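Here the structure is laid out as structure tokens; the discussion comes afterwards.
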Amino acid sequence: MTAAEISTESAIFDAALRVFSRKGKDGARMQEIADEAGINKAMLHYYFRNKDSLYEAVFAHVIGRFFSEIDRAMLPGRPFVESMEGMIHVYMDMHAAQPEVARLWVQENLNGAPVARSLIERHRNADHPFGPHRLLARIREAADAGEIRAVDPVHLMMTVLGMTVMTFIATPTLSVFDPSLRIDSAAMIDARKRHIVEVLTHGITI
């Protein structure tokens with residue numbers, strides 16, 4: 001691809017992410033995505049023949065970036081708690097930079113998560129575990145080695161996701177109790193990171 005084509009595709013991904021996160025796949029329209037990207041609908045169809053292929057491409061792009069960060073944090077040789085803390089920091093920073101991703105996850109799961117499940121299944125069948133599969137394996141290894149309590153890996157992963165992703169879903173509601181709670185506040189995000197790490201560390205260490 002040329003530099004211009006890469007730039008156009010990037011603009012389409014960003015626009016589609018914003019529209020899909022607001023409307024879900026079913027509610028989104030290709031014309032709206034084209035308008036958001038600043039291109040005409042014919043050009044959008046040149047890159048992606050239909051809405052389904054665009055949605056899957058956007059989701060694969062998002063999942064690939066986020067899973068890569070999980071993968072880097074879970075590299076062997078580091079204490080599990082240290083790896084988990086690094087993963088939480090990076091994961092929170094990525095969501096803070098692009099809060100549409102959390103809304104996209106919500107929309108996808110409300111629809112039964114067919115695309116997310118398919119992509120994750122593909123990674124599970126790979127020769128080398130990737131993303132959440134690496135995280136689950138690392139949790140089991142840490143428990144077997146006595147680094148952490150014997151916890152259910154899937155429940156721990158769900159807890160991590162709940163504490164991180166829900167920050168960007170629930171903050172607008174919870175700010176009624178504390179107006180300083182804003183997802184665009186670096187101080188709030190840093191405080192949230194510290195709280196999550198502290199709670200999880202006390203919960204899983206022996």
Is it fair to say MET158 is loosely packed, with under 14 Cβ neighbours inside 10 Å, within 16 Å of the chain's Cα centre (by Cα) and farther than 18 Å from GLU69 by Cα?
-> no
Among PHE67, PHE80, which is touching a His at 6+ places or on another chain (Cβ under 9 Å), in contact (Cβ under 8 Å) with a residue 40 or more places away in the chain and within 24 Å of MET158 (Cβ to Cβ)?
-> PHE67
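Answer with yes or no whether ARG22 is under 18 Å from ASN109 (Cα atoms) and either small (Gly, Ala, Ser) or not assigned by TED's automatic domain parsing to the domain that holds HIS123 (or both).
For ARG22, the condition - under 18 Å from ASN109 (Cα atoms) and either small (Gly, Ala, Ser) or not assigned by TED's automatic domain parsing to the domain that holds HIS123 (or both) - is met.
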Subset of the range 110-125 that is assigned to a loop (DSSP other than H, G, I, E, B) and surrounded by 11 or more Cβ atoms within 10 Å (Cβ to Cβ) - its residue that is modelled with the highest pLDDT | ALA113
On the given criteria, is ARG134 more than 22 Å from HIS61 (Cβ to Cβ), part of a helix (DSSP H, G or I) and charged (D, E, K, R)?
-> no
Considering every residue within the range 97-104, establish whether at least one is surrounded by fewer than 17 Cβ atoms within 10 Å (Cβ to Cβ) and among the β-branched types (Val, Ile, Thr).
-> no
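Table: residues versus (1) in the same structural domain as ARG18 (by TED's automatic domain parsing); (2) of a type in the set (Phe, Trp, Tyr); (3) more than 23 Å from ASP184 (Cβ to Cβ); (4) touching a residue at least 40 places away in the same chain (Cβ under 8 Å).
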site	(1), (2), (3), (4)
VAL62	no, no, no, yes
ARG72	no, no, yes, no
ILE88	no, no, no, yes
MET92	no, no, no, yes
ALA97	no, no, no, no
GLU100	no, no, no, yes
GLN107	no, no, no, yes
ARG117	no, no, yes, no
Check whether at least one residue in the range 28-48 is free of Cβ contacts under 8 Å to residues at least 12 places away in the same chain, small (Gly, Ala, Ser), surrounded by fewer than 20 Cβ atoms within 10 Å (Cβ to Cβ) and in the same structural domain as ALA11 (by TED's automatic domain parsing), and report yes or no.
-> yes
With the condition kept exactly as written, say whether any residue in the range 72-88 is surrounded by fewer than 19 Cβ atoms within 10 Å (Cβ to Cβ) and in contact with a Phe, Trp or Tyr (Cβ under 9 Å, 6 or more places away or on another chain).
-> no
Flagged in the range 177-206 as small (Gly, Ala, Ser) and part of a loop (DSSP other than H, G, I, E, B), in numbering order, are SER180, SER185
Of the residues in the range 86-100, those that are out of contact with any Ser or Thr (no Cβ under 9 Å at 6 or more places or on another chain) and small (Gly, Ala, Ser) come to GLY86, ALA97
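Taking the condition under 23 Å from VAL90 (Cα atoms), touching a residue at least 60 places away in the same chain (Cβ under 8 Å) and out of contact with any strand residue (DSSP E or B) (no Cβ under 7 Å at 6 or more places or on another chain), does ILE148 pass?
Here the answer is yes, as ILE148 does meet what is asked.
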Name, by its number, the condition in (1) exposed (fewer than 13 other Cβ atoms within 10 Å of the Cβ); (2) at pLDDT 95 or above that does not hold for THR167.
-> (1)
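The values are calculated or read from the model by the stated rules, or taken from the named source; none is laboratory data. All of these numbers come straight from a predicted model, not from anything done at the bench. Glycine also receives a Cβ, built like all others from the backbone with ideal geometry; neighbour counts cover every protein chain displayed.
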